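One structure is given here, and the rest of the page talks about it.
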Amino acid sequence: MVVNLRTKKSLISRVTNVGVNRIKLNVEHLDEVTDAITRENVRGLITANKIKIIPTKGTSRLRSKIKKLQKNKRGIKTGSKKGRSNARFNSKKKYVEKVRSLRYRLKVSKKHGDITNKVFWKIYKKIQGNRVRNNAHLRELLNEEMEKE
């Protein structure tokens, strides 16, 4: 006996807030699905895996990622470069990136209790005045301050 399950699927879709096409009914338990009238019955069948909801499929981003990588590879040799180095990568952005990473390292070392508050602000001001070159230089300064104490 062929049973029209369109109304059952619409009930299930209203209960689960998914589309009708995402509902998959277990063939072995169709008689139980046809007997399900209330929303509670439908929820019980879903927990018993007699009704399955198919997960959504998203758009694959792999091809776009590959294309972006290829695009970024092109034109990086010296003959292809047009514009000064500051135009290609702004010196201010470079400075801001460096300062943020140095301040983060300094904050972490203070949090761990490696340095005191006085030393923290002393080195913080050096970072602000662009006196610290990089993380390795910061590590050297911290070691010197720790030895002084």
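Coordinate-derived values only; no laboratory data. Here the structure is a predicted model, which means the values were calculated and not measured. Don't worry about glycine lacking a Cβ; one is built from the backbone with ideal geometry, like all the others, and counts go over all protein chains shown.
For the range 63-79, the count of residues that are within 30 Å of L25 (Cβ to Cβ) and surrounded by 11 or more Cβ atoms within 10 Å (Cβ to Cβ) is zero.
Give I37, I12 a once-over and let me know the one that is outside any loop (DSSP other than H, G, I, E, B) and of a type in the set (A, V, I, L, M).
Just one listed residue meets the conditions, I12.
Somewhere in the range 44-57, is a residue part of a helix (DSSP H, G or I) and without any contact (Cβ under 8 Å) to a residue 12 or more places away in the chain? Checked against the condition, which is being part of a helix (DSSP H, G or I) and without any contact (Cβ under 8 Å) to a residue 12 or more places away in the chain, the range 44-57 yields at least one hit. On the stretch given as the range 78-115, residues that are more than 19 Å from A136 (Cβ to Cβ) and of a type in the set (S, T, Y) total 4.
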